[in-house]
Amino acid sequence: MDTKALEKIALSVRSLSMDAIQKANSGHPGLPLGAAELGAVLYGDILKHDPSCPSWRNRDRFVLSAGHGSLFLYGLLHLAGYKDISLEDIKTFRQIGSRAAGHPEYGLAGGIETTTGPLGQGFATAVGMAVAETMLAARFNTDNYAVVDHYTYVLVGDGCLMEGVSAEASSFAGHFQLGKLIVFYDSNKITIDGSTDLTFTEDVAKRYEAYGWQVLNGSMYDFAEIASLIEKAKAETAKPSIIILKSIIGKGAPHKQNTADVHGAPLGTEELAAAKAALGIHGDFFIAPEAVAYFKKKQDEWEKMRTTWEASFEAWAKENPEKKAEWDLFFSDTSLPAVLPVFNAGDKLATRTAGNKALGAIAAANPFLVGGSADLKGPNAVGLPATVPNAADYSVANRAGRYIHFGIREFAMAAISNGITLHGGLRAYCATFMVFADYLRPALRLSALMKQPVIYVLTHDSIYVGEDGPTHQPIEHLASLRIIPNVRVLRPADAEETAVAWEMALENTAGPTVLALSRQNLTVFEKADPDWRDTIRTGAYVVKKEDNPNVIIIATGSEVGLALDAAKKTEAKSKKKVQVVSMISRELFEEQPTELQDTIIPGGHCECGCVKIVVAEAGVRAGWERWTEPKTILAIDRFGESGPAEKVAAYLGFTSDALAALCAE
């Protein structure tokens with residue numbers, strides 16, 4: 001270990017951080033100043049990575065969960081030689097166009113493994129990366145070759161450990177004995193409001209011992225000790241490790257270190273000058289020549305590490321051509337077609353049940369698909385049939401299992417699913433009741449922000465949950481999910497649509513997909529459009545067609561059946577011709593060209609009123625005003641009631657008679 005070089009790396013991280021934050025007049029200097037030594041050890045000596053090839057499959061992953069300290073990461077990536085983070089990016093920190101965004105953003109630069117900032121989520125996402133490592137290792141490693149063999153490192157702060165998602169993820173990681181997960185706790189006892197004694201006096205070490213973790217303690221400022229603690233963490237293969245490093249927030253700022261003032265604001269010109277004088281820094285954006293020289297020497301070492309693995313990988317591929325073919329599939333963005341289940345008109349089954357049949361077929365054809373639910377395997381109907389390869393539960397004894405019992409941890413489940421997908425090689429789905437999307441929404445938002453194709457299976461999608469009552473009957477949830485950018489919400493209307501919806505979800509690699517599925521049985525109906533399996537991919541298609549219709553009912557999910565019944569009643573009582581459209585995805589349909597929309601909803605863009613548009617959905621009307629007037633939307637703008645499903649619907653006035661009355665007005 002070259003201690004002098006590591007000291008210069010730490011000094012350079014402090015220098016870049018102080019100056020970038022001061023120039024931006026915005027940022028969080030406390031963490032990068034306080035934890036610079038850890039960064040120097042990690043990037044200088046510990047991490048298995050190659051800045052010239054940031055996407056190397058067998059690299060160690062590092063996640064800065066405390067993403068507000070982003071210059072810690074940017075400074076180290078620049079020093080280590082990651083080309084995406086230039087000195088100019090650091091000088092334009094927090095400015096439009098800079099890759100050095102306020103918080104690390106996945107996709108802006110190599111070396112940023114996930115978007116962080118919302119505290120605790122980076123931690124939970126890293127747990128997913130560690131899960132993925134174990135799954136892929138079990139799948140692809142052989143007696144002679146370990147082509148998947150790397151660690152996941154995380155830096156957390158007091159704020160990360162206060163957030164509930166970190167508790168969920170820590171409990172999960174301890175239970176599943178993720179021994180290659182190593183977490184560094186920057187324990188400086190300061191948050192924005194002041195000392196952690198204001199709110200956070202628990203014994204973190206005992207807490208993590210109770211979770212089943214190995215707990216290690218040391219100083220943030222002893223290079224040799226940090227390296228030694230990491231070796232101890234690696235030696236413990238049956239437990240994840242948390243290394244508690246006592247630190248001084250803002251170390252090096254003589255008048256502000258160890259205070260809340262240095263957490264989330266620039267040092268100010270006077271304190272910046274004092275810090276530079278104390279640290280022996282001359283000039284702005286100083287980078288020590290010794291740090292540059294050290295990392296230049298490391299380039300060859302890292303490249304050799306990677307090329308050695310590549311040679312081993314090639315030898316493995318020759319010995320295991322079938323595994324190599326699978327590897328190529330796992331790490332591609334493509335999916336294989338599945339033999340979907342066949343349903344017949346008149347069949348009655350819940351779309352969650354149909355979804356399970358489709359999932360089984362798709363998972364059988366696509367071995368990279370893994371996932372599970374938040375203790376709702378049966379109610380969500382997301383278990384993998386025994387005929388699916390490796391359908392068994394993921395466990396300590398069976399890392400190749402593809403079904404994950406996430407436990408009652410919706411938020412962590414979604415964040416872990418993000419991590420599994422971000423890692424590469426696997427595609428994750430997760431499931432819960434739709435009403436509990438409220439628990440996982442922050443991680444779904446990050447799925448969308450990072451454009452990660454996690455599949456969210458949300459069942460029990462309406463008041464037809466029935467007896468469980470308003471606490472379990474989603475009312476506002478469809479609307480709230482649709483307004484998240486990049487999220488594709490699919491609400492199939494029967495078993496046939498559900499099978500295609502699962503295909504659409506797997507095909508969507510540009511962001512997350514929500515499958516909104518019913519608890520109650522729905523009747524499979526005849527489709528007027530002979531090419532509906534293709535047309536539905538536009539977001540909508542014609543179920544019941546009329547030439548020159550007087551009324552068009554737009555419906556989603558279970559309400560399509562309601563619409564067909566209402567259409568019959570309307571036509572029986574009047575000469576009006578009623579066309580019915582199933583809109584499986586409103587946002588997808590609204591992305592289509594106007595000309596295409598008009599072929600499915602003729603008159604939808606006409607202001608003359610020649611065609612009456614009526615909408616039916618068992619949820620709030622918000623968002624449907626795009627298609628018609630509020631008075632012609634059959635919706636539910638109040639919370640539900642406890643009782644049998646059909647009686648609840650009748651009590652709330654959500655019936656085919658009510659819909660027919662809207663058509664007839």
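Just so it is clear, none of the values below were taken in a lab; they were calculated from the coordinates. The model shown is predicted, which means the values in this text are computed figures rather than measured ones. Cβ sites come from the backbone with ideal geometry, for glycine too, and all protein chains shown count toward neighbours.
Data overview
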{"item": "Gap separating the Cα centres of region 44-60 and region 602-665, nearest whole Å", "result": "55 Å"}
{"item": "Gain upon complete extension [residue 269, residue 658; 0.36 nm per residue less C-alpha separation]", "result": "133.2 nm"}
{"item": "Calculated diffusion of region 1-72, Stokes-Einstein form, Kirkwood radius summed over Cα pairs, 4 °C and 1.567 mPa s, µm²/s", "result": "99 µm²/s"}
{"item": "Antiparallel content of DSSP bridges confined to region 459-615, in %, to 5", "result": "20 percent"}
{"item": "Sparse-neighbour loop sites [trypsin sites (Lys or Arg not before Pro); region 551-588; at most 12 other C-beta within 10 Å; DSSP]", "result": "575"}
{"item": "Mean Cα-pair separation over length for the chain, i.e. relative contact order, pairs under 8 Å, 6 or more apart, %", "result": "12 percent"}
{"item": "Linear extension gain, residue 575 paired with residue 595, 0.36 nm per residue minus alpha-carbon span", "result": "4.4 nm"}
{"item": "Per-q log10 I(q)/I(0), region 376-478, q = 0.15, 0.18 Å⁻¹ (Debye; single scatterer per alpha-carbon; no solvent)", "result": "-0.66, -0.91"}
{"item": "Residue-span extension gain [residue 547 to residue 4] - 0.36 nm each, minus C-alpha spacing", "result": "187.3 nm"}
{"item": "Cα gyration tensor category, rounded, prolate or oblate, for region 348-523 with a/c compared to 1.5", "result": "rounded"}
{"item": "Nearby lysines by direct alpha-carbon distance to residue 91 (threshold 27 angstrom, same-chain neighbours under 8 apart not counted)", "result": "4, 8, 23, 83, 251, 256, 276, 296, 297, 298"}
{"item": "Relative pair counts by distance (%), Cα atoms of the chain, 20 Å bins", "result": "18, 44, 29, 9, 0"}
{"item": "Within region 460-544, GluC sites (Glu not before Pro) in DSSP loop having at most 10 other beta-carbon neighbours inside 10 Å", "result": "526"}
{"item": "Separation of alpha-carbon centers, region 276-329 and region 468-499, rounded to whole Å", "result": "44 Å"}
{"item": "Amide H partners (placed H, <5 Å) of residue 191, local residues excluded", "result": "196"}
{"item": "Reach of residue 569 by Cα under 30 Å, taken over lysines that are not fewer than 8 positions away in the same chain", "result": "348, 527, 544, 545, 577, 612, 631, 647"}
{"item": "Three-way shape call for region 184-252 based on the alpha-carbon gyration tensor, with the a/c threshold at 1.5", "result": "oblate"}
{"item": "Dipole moment magnitude, nearest 20 debye, region 348-523 about Cα centre, only Lys, Arg, Asp, Glu C-beta charged", "result": "380 debye"}
{"item": "22 Å tail of the calculated P(r), region 537-664, as % of Cα pairs", "result": "31 percent"}
{"item": "Distance between region 120-143 and region 420-440 - C-alpha centres, whole angstrom", "result": "15 Å"}
{"item": "Under 21 Å from the Cα of residue 232 - lysines, other chains or at least 8 residues apart", "result": "48, 180, 206, 246"}
{"item": "Lys, Arg +1 and Asp, Glu -1 on Cβ, resulting dipole of the chain about Cα centre, debye, nearest 20", "result": "240 debye"}
